[in-house]
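Here is the structure we will look at.
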Amino acid sequence: MHHLKLVDFMEVRNPFTKANPIYLPPLNAHVLVYEPFYYEHYVPKVILSADPTLNPENYVVVALYRCWFELAFIKAGQNSWTYVNPAGTSYGDVIFYKSQLYAVTSFVAIGSLDVYGSDSNNPSQPPSIKLPTPRKPFRFYCFHAYLVESTQGDLLHILRYYVPKPGAFRFCNRHIL
């Protein structure tokens, strides 16, 4: 199998202040040669645990990366990403809620990870997501799931379903002689 090594440079900037940007190291990820069209969407989401200008020594950056959205994080002052176990698990969305990282899997289960308490300096034992919700709490054919914090401070799980309109798809049977 052939891989392309992609080197992306990312930086965190506040567009409304003159604070110095935070430069992030490239994600250590390989793209299969038949996946280069995913390159533009290779890091679809990056979130912060805290404002780096207010907490310059105590913040975490989390990235969803690859075409099936794996998780990695980096703490303030670190030079390399920590990759979350198990690799290959697909996550649809992530959020920081009450000092924990929550992630919703492609099977719409919600998992949590204490990124502050994890030993991110030990690559031989990458941190793992704990799945406190049942594996399939909702219908399997959920199209996409999101995690949001309500104005009352509750963590909400939003599910989006795809329902095709009648007649939206037409099928043709053709006989080839």
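How high is the FRET efficiency from residue 98 to residue 10, r the C-beta distance, R0 41 Å, rounded to 0.05?
Working: r = 26 Å, r/R0 = 0.64.
With a Förster radius of 41 Å, E is 0.95.
Kindly state, to the nearest 0.05, the FRET efficiency for residue 152 paired with residue 80, given R0 = 35 Å and r defined as their beta-carbon distance. Can you show the working numbers first?
Values: r = 38 Å, r/R0 = 1.08.
Once the sixth-power term is evaluated, E becomes 0.40.
When a footprinting reagent is the concern and you count Cβ atoms within 10 Å, what order do 75, 165, 98 take, fewest first? Intermediate values should be presented prior to the final figure.
Numbers: 75 18, 165 6, 98 9.
Starting with the residue having the fewest Cβ neighbours, the order is 165, 98, 75.
Every number in this text was worked out from the coordinates using simple rules, so none of it is lab data. Only a predicted model underlies this, so the values are computations on that prediction, with no experimental measurement involved. Using ideal geometry, Cβ is built from the backbone for each residue, glycine included, and neighbour counts are taken over all protein chains shown.
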